[in-house]
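S.K.: Before I ask anything, let me first share the structure, which is written out below as structure tokens.
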Amino acid sequence: MHPIFITIIKRLALGLVTLFVVSAIIFSSVTLLPGDFGEAVLGQAATEETVAAFREELGLDKPAVLRYFEWAGAVLKGDLGTSFSGRSASGVDRSRSVAEMIWPRLKNTLFLAGVTALIAVPLAIILGLSAALYRNTWYDRSINATTLTTISMPEFFVAYVLILLLSSLWKAFPSLATVDPGMLLGERLYRIALPAFTLTLIIVAHMMRMTRAAIINLLASPYIEMARLKGASRSEIILKHALPNAWAPIATVVAFNLAYLVVGVVVVEVVFVYPGVGQLMVDSVTSRDIPVVQACALIFAGTYIILNLIADVIGIVTNPRLLHPR
Amino acid sequence: MSIDNEPNVAQSDGSQNTLLDMRNIHIEGFSDEQWHPIIKGVDLALERGQIMGLIGESGAGKSTLGLAAMGFVRAGCRFTQGEVNFDGTDLLKLKDAQKRTLWGTRIAYVAQSAAAAFNPAHRLIDQTIESASRSQLRPDAESRRDAVGLFESLHLPDPANIGQRYPHQVSGGQLQRVMTAMAMSARPDLIIFDEPTTALDVTTQVEVLASMREIVEQHNAAAIYITHDLAVVAQMADIIKVLRFGEEVEQSETRTMLSSPKQAYTRSLWSVRSLEKPEEKGEDIVLSMQNIHAAYGRVQVLHGVTINLPRGKTVAIVGESGSGKSTAARVITGLLPPGKGDVLFNGEALPADLKDRKPEHLRQIQMIYQMADTAMNPRQTVEQIIGRPIELYHDISGAKKAERIAELLNMIELDESFLDRLPAELSGGQKQRICIARALAANPDVIICDEVTSALDQIVQEGILKLLLRLQQEFGISYLFITHDIATVKAISDEIVVMYQGEVVEQGLKSEILNPPHPEYTELLLSSVPEMDPDWLTELLGSRTN
């Protein structure tokens, strides 16, 4: 087998171990959350007996270690458990499965993240390469200044400015990004235009600046001078001689920003009232809906691990030293 | 030769044969917030098919002048005066885009470190034909076939397939030859060789030199050959130009230059190689490696190495890269615990691992490295660098420490004005002296010198070697001197150990090893050391084919 597969399998195994450790951390930190779900739902008036019975029904009376292994075992089988919400003191159980609650929200989040990524990643790389190509010109400086401005502003501020400009003053796009499952693709895209634009402004800066830095870092290499002395033009030097050696750092920063699009967008979701998984998680924390919080956190952790794994693999396959060992 | 392709070329000096005519070149470099002159009015004329050797110490402006012949200056440098007439056109009056059409096709460059000058991301064949392909000289398929032919005439192994490899997959000597093929690919009129064999072992250097000379002659190209090694330039060049401080010292035909240099400076360059210490036999063994086997991971590097170092004497370990010289040093210092075997110090076995050694063990064996630059903390002053071992090993501080530092500086022939300097403010030779002082500060019995002079110019080398010899006489220090340079070995050693592929080929007194009869490998190694005779390479190649 090619050694690269062995490396990838090793990384994958390491990713699983990381996920396991993270799941334990998630579980214990959620267990440490102050307050009690039973009391929160049943209210101050509930008797101690009622609360105890309620806790027993949810399994909260068992030791934490046992609960962790029950939960982890179920997750391994694909069962994320049942939400705590929807139950009440009267004994009526309208609770839903966690998967059922998360899945539509996650689809929305992934859709917004995907659309943003399709715009932002190529844009950032092209801007980064052209800034490196025309470095220290007015073009480079203005791109740098603009992206630095957008990254320096809080995201809700960017969002509100865009709403003001593109929704209130010039009624081009809706300020509310409400979507529902029956919507056609074109309509969906129209609805999410402003949040996608906001997120693009926020993540392009980081990716673009790192791309530029990765390329410029390589321009001092002896093989770049050699390429010049072989008659290569500036654009050939950037695209043919520097870029192939810069994919690893670029992939790392892209992965970092894509992960942010999945796990860090709650503020933008709230501003545009977009039904994504970030909002769901915040709501669940407020209502102490432990199974949902745990499932969301696990999904977020998994996203980070998978994206970083992909970045690692890109780093390996674009490095001839690793791809073609001696 | 493509005179026919350039019918409208006006010859600058009327001679039909002048290819390159550089006149009154002035180049400045920007540092410390101001412009400093690097080249101060040098003229250089080269005929078609002629090879000129440019020699001088580092900082003499050799590389800068070589690159200037292409109309190129590095970032932070600029031409202030002069003209570079290449085939009748002043390159300095051309725009970058126009110069690019000449670079790689009519003027080619061969860089010092092939390992760094090849792009790690592309296959060798694609890099070899890049310039020819860009200029659409011929179809790419034809260029590839031509490249295979060049690989073959440069005696590369498996010429048909070696181009499919990536730079990291072939050795340094092979890469340097591929780079020569790359320079030849578009059949340039002029090639600039910038110290192309400096990074190679002597045994490899011979082959590369021979291939380069052969192919340059075959295609009747002109070349500028930059080097600091006189013996190498004697083999390659028709004429030699000596540079110093950005100015020409003298220029003449190679044989004249070697036999009767006019200037005192040139003669001083010539004389460095004459340093030779009389050998002395030592019986009292201070340090001994006994049947050492060592490995990096699963790769076995040393196979039963036994080396004895007599007290107060110098043992030189010679061999090419990969022979295990530096690994032996790592075993002695405890950085690499051996798989089998012992290191004896004054007859007692030292703990194999550095972690288990006592400060006293560490004090007794000190080390000096090849790259003085990277062996010193760039943020520490000379005072801190030398003061540290005094405090660490001898627990001396305050006024006594200052006294001792001054004494050490005096020993290495520097004065107290250096105390507050940072490594970046020192020259290469001064840096190495500070490293020697740091080693001396511990009062060691043994100093391991790992290629300590190979990054230095010959005149500076001589100074360092003389200093080391003097310190040995004064303090009776024993040196284990790792080097690949036979001239250095002659200068400093009492005994010589020849290593090859992790084994000791032979150990003995200098006179025994350097004089015949030799084992086969020692013979190859010794015969590969270039001599100051212009016919040396030709004769050597002749004798090897027989």
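The values are calculated or read from the model by the stated rules, or taken from the named source; none is laboratory data. Model, not experiment: these values are computed from the prediction. Cβ atoms come from the backbone with ideal geometry, glycine included; neighbour counts cover every protein chain shown. All accessible areas refer to the heavy atoms of the entire protein, side chains included, with ligands and DNA or RNA removed. Shrake-Rupley method; radii C 1.70, N 1.55, O 1.52, S 1.80 Å.
S.K.: Amide H neighbours of B:GLN370 under 5 Å, at least 5 residues apart or on other chains, H built in the peptide plane: list them.
M.R.: B:ASP450
S.K.: Just to confirm the number: angle between the C-alpha axis of helix A:290-317 and the first principal axis of chain A, 0 to 90 degrees, nearest 10?
M.R.: 20
S.K.: Calculate the spin-label point distance for A:PHE156 paired with B:GLN164, positioning each point 7 Å from the Cα along the beta-carbon direction, and give it in nanometres.
M.R.: Here the modelled spin labels are 6.2 nm apart.
S.K.: Right, next: Does the stretch B:327-398 come out rounded, prolate or oblate by the C-alpha gyration tensor, with a ≥ b ≥ c the root eigenvalues, rounded set by a/c under 1.5 and, if not, prolate when a/b is larger than b/c and oblate if not? Write out the running numbers ahead of the final one.
M.R.: On the way: a/c = 3.00, a/b = 1.58, b/c = 1.90.
Since a/c reaches 1.5 but b/c is at least a/b, the shape of the stretch B:327-398 is classed as oblate.
S.K.: Here's another thing I want to ask about it. For chain B, what proportion of DSSP beta bridges, expressed in % and rounded to the nearest 5, is antiparallel? Kindly include the intermediate steps, with their values, before the conclusion.
M.R.: Values: 48 of 85 bridges.
Of those bridges, close to 55 percent are antiparallel.
S.K.: Also: Using a 1.4 Å probe on the protein chains only, how many percent of the accessible area of the stretch B:285-515 belongs to carbon and sulfur? Numbers along the way, then the final one.
M.R.: Values: 4530 of 9750 Å².
It is 46 percent, rounded to a whole number.
S.K.: Under the definition of partner shielding as Cβ atoms of other protein chains within 10 Å of a residue Cβ, what is the mean value for peptide B:118-127?
M.R.: Details: counts 3, 13, 7, 13, 6, 2, 0, 0, 1, 5.
Average per residue, whole number: 5.
S.K.: Another one. Please give the peptides A:182-190, A:282-290 ranked by average Cβ packing (other Cβ atoms within 10 Å per residue), highest first, as a rough proxy for protection. It would help to have the intermediate numbers written out before the result.
M.R.: Working: A:182-190: 11.4, A:282-290: 18.0.
Answer by packing, highest mean first, reads A:282-290, A:182-190.
S.K.: Let me ask something additional. Between the chain alone and the structure with every protein chain in place, find the residues of the stretch A:195-237 that drop at least 50 Å² of accessible area; heavy atoms, 1.4 Å probe.
M.R.: A:TYR223, A:GLU225, A:MET226, A:ARG228, A:LEU229, A:LYS230, A:GLY231
S.K.: To the nearest 500 deg cm²/dmol, what mean residue ellipticity at 222 nm is calculated for chain B from DSSP H runs of n ≥ 4 alone, each contributing -39,500 (n - 2.57), summed and divided by the residues? The partial results should precede the final answer.
M.R.: On the way: 22 runs with 201 residues, N = 546.
Calculated mean residue ellipticity at 222 nm is -10500 deg cm²/dmol.
S.K.: Another question, if that's okay. Along its principal axes, what span do the Cα atoms of the stretch B:441-546 show, with the longest given first and each in whole Å?
M.R.: Here the Cα extents, ordered largest to smallest, are 53, 31, 23 Å.
S.K.: Still on this structure, please answer the following. Compute the Rg to Rh ratio over the protein assembly as shown from the alpha carbon atoms, using the Kirkwood formula for Rh, and round to two decimal places. Could the numbers behind the result be given before it?
M.R.: Details: Rg = 35.1 Å, Rh = 32.9 Å.
With Rg and the Kirkwood Rh in hand, the quotient comes to 1.07.
S.K.: Here's a follow-up. Please compute how much accessible surface disappears when B pairs with A, both sides summed, using a 1.4 Å probe, and round it to the nearest 100 Å². Before the final figure, lay out each step's value.
M.R.: Values: alone 24260 and 17970 Å², together 39850 Å².
Buried: approximately 2400 Å² between A and B.
S.K.: Here's something else I'd like to know. For B:GLY304, what is the net charge nearby, where nearby means another residue's Cβ is under 10 Å from its Cβ and Lys, Arg count +1, Asp, Glu -1? Provide the component values of the computation, followed by the final result.
M.R.: Values: positive: B:LYS340; negative: B:GLU503.
Net local charge, B:GLY304 excluded: 0.
S.K.: For the protein assembly as shown, what proportion of DSSP beta bridges, expressed in % and rounded to the nearest 5, is antiparallel? Don't jump to the answer; show the numbers that get you there.
M.R.: Values: 50 of 87 bridges.
Percentage antiparallel, nearest 5: 55.
S.K.: Once fully extended, how much extra length lies between B:ARG255 and B:LYS281, figured as 0.36 nm per residue of separation less the alpha-carbon to alpha-carbon distance? Show your work: numbers first, answer last.
M.R.: Values: separation 26, 0.36 × 26 = 9.36 nm, distance 3.92 nm.
Contour length minus Cα-Cα distance gives 5.4 nm.
S.K.: Under the rule of -39500 (n - 2.57) per DSSP H run of 4 or more residues, summed and divided by the residues of chain A, what mean residue ellipticity at 222 nm is obtained, to the nearest 500 deg cm²/dmol?
M.R.: Working: 15 runs with 225 residues, N = 326.
Computed mean residue ellipticity for chain A: -22500 deg cm²/dmol.
S.K.: Please give every one of the aspartates and glutamates within straight-line cross-link reach of B:LYS93, meaning a C-alpha to C-alpha distance under 12 Å, and leave out same-chain neighbours fewer than 8 residues apart.
M.R.: Cα-Cα hits under 12 Å: B:GLU83.
S.K.: In the stretch A:172-326, carbon and sulfur make up what percent of the accessible area (probe 1.4 Å)? Walk me through the numbers on the way to the answer.
M.R.: Values: 4200 of 6120 Å².
Using a 1.4 Å probe with all protein chains present, the stretch A:172-326 comes out at 69 percent carbon and sulfur.
S.K.: Moving on. Roughly how many Å² is the accessible area per residue of the stretch A:106-286, as a whole number, for a 1.4 Å probe?
M.R.: On the way: 8020 Å² over 181 residues.
Dividing the accessible area of the stretch A:106-286 by its residue count gives 44 Å².
S.K.: Using the basic label-point model (7 angstrom from Cα toward the beta carbon), what is the A:TRP103 to B:ARG544 distance in nanometres?
M.R.: Label-label distance for A:TRP103 and B:ARG544, simple model: 7.3 nm.
S.K.: Continuing with the same structure: For the pair A:GLU70/A:LEU123, report the inter-label distance in nm, with labels modelled 7 Å from Cα in the Cβ direction.
M.R.: Between A:GLU70 and A:LEU123, the label points sit 4.8 nm apart.
S.K.: In addition: Can you give me the convex hull volume of the Cα atoms of the stretch A:106-286, divided per residue and expressed in Å³? Provide the component values of the computation, followed by the final result.
M.R.: Details: hull volume 23.9 nm³, N = 181.
Each residue corresponds to 132 Å³ of Cα convex hull volume.
S.K.: Where a Cα-Cα gap under 25 Å defines reach, which lysines qualify for B:LYS431, not counting those fewer than 8 residues away within the same chain?
M.R.: Within the straight-line limit of under 25 Å, B:LYS431 reaches these lysines: B:LYS62, B:LYS277, B:LYS313, B:LYS325, B:LYS400, B:LYS401, B:LYS466, B:LYS490.
S.K.: Okay, next question. Setting aside same-chain residues fewer than 8 positions from A:LYS62, which lysines have a Cα under 22 Å from its Cα?
M.R.: A:LYS77
S.K.: Taking the Cβ of B:LEU509 as the center, what net charge do the other residues with Cβ under 12 Å away carry, scoring Lys and Arg +1 and Asp and Glu -1? Write out the running numbers ahead of the final one.
M.R.: On the way: positive: B:LYS281, B:LYS313, B:LYS510; negative: B:GLU279, B:GLU280, B:ASP494, B:GLU495, B:GLU506, B:GLU512.
Residues near B:LEU509 contribute -3 overall.
S.K.: Once you have the Kirkwood Rh of the stretch B:285-515 from its Cα pairs, apply Stokes-Einstein at 25 °C and 0.890 mPa s and quote D in µm²/s. Mind showing how you got there, number by number?
M.R.: Numbers: Rh = 18.0 Å.
Reported coefficient: 136 µm²/s.
S.K.: Can you give the angle from 0 to 90° between the axis of helix A:138-152 and the longest principal axis of chain A, with both taken from C-alpha atoms, to the nearest 10?
M.R.: 10
S.K.: Where both residues lie in the stretch B:285-515, what percent of DSSP beta bridges are antiparallel, nearest 5? Show your work: numbers first, answer last.
M.R.: On the way: 21 of 39 bridges.
Within the stretch B:285-515, antiparallel bridges account for around 55 percent of the total.
S.K.: What are the residues of the stretch B:96-112 that lose 50 Å² or more of accessible area, with a 1.4 Å probe, going from their chain alone to all protein chains?
M.R.: For the stretch B:96-112, once contacts with the other chains are taken into account, B:ARG100, B:TRP103, B:TYR109 lose 50 Å² or more.
S.K.: Another question, if that's okay. Shape of the stretch B:183-334 from its Cα gyration tensor (a ≥ b ≥ c, root eigenvalues): rounded if a/c is under 1.5, otherwise prolate when a/b > b/c, or oblate?
M.R.: On the way: a/c = 3.47, a/b = 1.66, b/c = 2.09.
Verdict is oblate for the stretch B:183-334.
S.K.: Further question on the same structure: Normalized C-alpha radius of gyration of chain A, against 2.2 N^0.38 Å? Could the numbers behind the result be given before it?
M.R.: On the way: Rg = 24.3 Å, N = 326, 2.2 N^0.38 = 19.8 Å.
Taking the Cα Rg and dividing by 2.2 N^0.38 Å, one obtains 1.23.
S.K.: In bins 20 Å wide, starting from 0, what share of all Cα pairs of chain B does each bin hold, as a percent?
M.R.: Answer for chain B: a P(r) of 19, 49, 28, 3, 0 percent.
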